[in-house]
Amino acid sequence: MEFPKEYDKIGIAHKEWSQITSIKEKSMKRVVVIVMDSVGMGELPDAAKYGDEGSNTLGNIAAQLKDFKLPNLQKLGLGNIDGIRGFERIDGPVGCFGRMAEKSAGKDTTTGHWEIMGIVMSKPFPTYPNGFPEEIISKFEQEIGTSVLGNIPASGTKIIEQLGKEHMETGYPIVYTSADSVFQIAAHEEIIPVERLYEICRIARNILTGDHAVGRVIARPFIGEPGNFTRTDRRRDFSLDPIHETVLDNAVEKGLQVKAVGKIVDIFNGRGVTQSIHTQNNMDGVDKTIDFIKEDFGGIIFTNLIDFDMLYGHRNNVEGYADALAQFDARVPELIGALKEEDILIITADHGCDPTTASTDHSREYVPLLVYGPKLKQGINLGTRATFADVGASIAEYLGLKEPREGTSFIQEII
């Protein structure tokens, strides 16, 4: 940055100018983290404890679909990752690549994202395979002033098919859960307005504490008529506060920007986020990420692309999952092209959700790690990382933040 001659007139010396520009340039470093929600790449050593033997989200999709390729992710090094199946190795990948194991107990969205930013959970969030206990449901009904329907583990689309008509006739919200630590509340937008649905979700969130502190309370609004219900894009997640500070908190504390795309702000309950935007789908998430990349600021862009998990993994839709991967892959050059000189792009995942297995739930899997930056080395094999928190530790080192409690930085391997 050239010294402006007019600054001589206001008494700023060249030495001071150098200090100013050095601080400014340092503060413009950014890391863009994109979480492909549920895009795992093979069972972890402890997968049997979770009933996930044989799960391999990427590998099993590739095995079922002949000639399935993700050419742009493969250029970054996807097929070069240790242990990956179904994708060809290439010579001279332009990115750095590896895989990460989940160190935390559990396999849910909140646990995965928290670990990426430096929290390792020693105990999984509670789950309710038989529905929620009477003490929880009766207190919830008392506080919202009405009975509820359901209170069973169920697919979100199936339970509104089963109970949607009764819900419309009675006005009672539909409560359900899954193998994940979630308390989900479905309601027709014309029966329970969305803002009221959010309000009763907050009531549930306040009840679900202590031993019953589920990872997320989720609002699931829908529209339509019996036999033709459709969930809307006004879903909201109400999470717990992270159990201790994260890399996001440390970035904000240092005065950097943290811009959240998709449900990131909900997963962290607003903590460590300076600006957030919800999205309608994966491609909208990519659009919003690129919009943030084009801005001038230092800090973190953190994006969740949920369609892989919500629309395809949980519904065992192999072709839909593959199409969504291909659509994202096609946008990778655009993401790379938008990066500024000091930017680092990290593409990873938070767990698996293999659409080829009998289960419709998350799976305990390794996740891919792809790292690219205009100034980074290329073709570096980052190996198998012991924890997702290595991403957070690397962000912290690159941005000059306080070292997080968990994780080992790989920055020195790639710069």
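Every number in this text was worked out from the coordinates using simple rules, so none of it is lab data. Given the structure is predicted, the values throughout are model-derived calculations rather than measurements. Here Cβ is always computed from backbone atoms with ideal geometry, including for glycine, and neighbour counts include all displayed protein chains.
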#### Entry: Fewest-first sequence of Ser122, Ser409, Ser239 by Cβ atoms within 10 Å of each Cβ
Ser122, Ser409, Ser239
### Query
By average Cβ neighbour count within 10 Å, what is the ranking of 331-339, 107-115 from highest down?
107-115, 331-339
### Query
Could you put Asp237, Asp37 in order, starting from the residue whose Cβ has the fewest other Cβ atoms within 10 Å?
Asp237, Asp37
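Evaluate the charge dipole of segment 134-238 about its Cα centre and quote only its size in Debye, nearest 20, assuming +1 on the Cβ of each Lys and Arg and -1 on the Cβ of each Asp and Glu. If you can, show how the numbers build up before the last one.
Working: 12 positive and 16 negative charges, 64 e Å.
The dipole of segment 134-238 has a size of about 300 debye.
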#### Entry: Debye, to nearest 20: dipole size of the chain, +1 on Lys, Arg Cβ, -1 on Asp, Glu Cβ
720
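Which ordering of Met36, Met283, Met121 is given by a fewest-first count of other beta-carbon atoms within 10 Å?
Taking fewest neighbouring Cβ atoms as first place, the list is Met283, Met121, Met36.
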### Query
What whole number of Å gives the distance from the Cα centroid of segment 353-415 to the Cα centroid of segment 277-352?
16
### Task
Could you rank the peptides 253-263, 59-69 by their average count of other C-beta atoms within 10 Å per residue, with the highest value first?
253-263, 59-69
### Query
Placing +1 at every Lys and Arg Cβ and -1 at every Asp and Glu Cβ, with all other atoms neutral, what dipole size does segment 217-329 have around its Cα centre, in debye to the nearest 20?
300
### Read-out mean projected area of the Cα convex hull in nm², derived from the coordinates shown; its label in [x] 33.7; [y] 22.0; [z] 30.3
[y]
#### Entry: Integer Hz, Karplus 6.51/-1.76/1.60 couplings in order for segment 138-146, x for Gly and Pro
5, 5, 4, 4, 4, 6, 8, x, 7
### Query
Which of the listed residues, Tyr398, Ser155, Phe292, is farthest toward the dipole's positive end in the chain, when Lys, Arg count +1 and Asp, Glu count -1 at the beta-carbon?
Tyr398
### Message
Students often get this wrong, so check it: of Lys139/Lys288; Lys29/Lys66; Lys29/Lys69; Lys158/Lys263, which have C-alpha atoms separated by over 29 Å?
### Response
Lys139/Lys288; Lys29/Lys66; Lys29/Lys69
### Task
Apply 1/(1 + (r/R0)^6) to the Cβ-Cβ distance of Lys165 and Ile223, taking R0 = 22 Å, and write down the FRET efficiency to the nearest 0.05.
0.95
### Task
Per DSSP H run of n ≥ 4, the term is -39500 (n - 2.57); total these for the chain, divide by its residue number, and report the mean residue ellipticity at 222 nm rounded to 500 deg cm²/dmol.
-10000 deg cm²/dmol
### Query
When the chain is fully extended, how far beyond the present Cα-Cα distance does Glu195 get from Thr146, taking 0.36 nm per residue of separation?
16.0 nm
### Summary
Of the candidates Leu208, Leu256, Thr111, the farthest towards the positive dipole end of the chain (Lys/Arg Cβ +1, Asp/Glu Cβ -1, centred on the Cα centre) is Leu256
### Query
Using the per-residue mean of other Cβ atoms lying within 10 Å as a proxy for protection, in what order, highest first, do the peptides 146-157, 189-200 fall?
146-157, 189-200
### Task
Tabulate in residue order the Karplus-calculated ³J(HN,Hα) for segment 238-253, using 6.51 cos²θ - 1.76 cosθ + 1.60 with θ = phi - 60°, rounded to whole Hz; enter x for Gly and Pro.
10, 9, 7, 5, x, 6, 7, 4, 10, 4, 4, 4, 5, 5, 5, 4
### Query
Modelled label-to-label distance, Gln412 and Phe297, 7 Å Cα→beta-carbon offset: nm?
3.2
### Message
With the cut-off at 1.5 for a/c, could you classify segment 40-122 from its C-alpha gyration tensor as rounded, prolate or oblate?
### Response
oblate
### Task
Read phi for every residue in segment 105-120 and hand back ³J(HN,Hα) as whole Hz from Karplus 6.51 cos²θ - 1.76 cosθ + 1.60, θ = phi - 60°, with x for Gly and Pro.
7, x, 7, 9, 4, 4, 4, x, 5, 4, 5, 3, 9, x, 10, 10
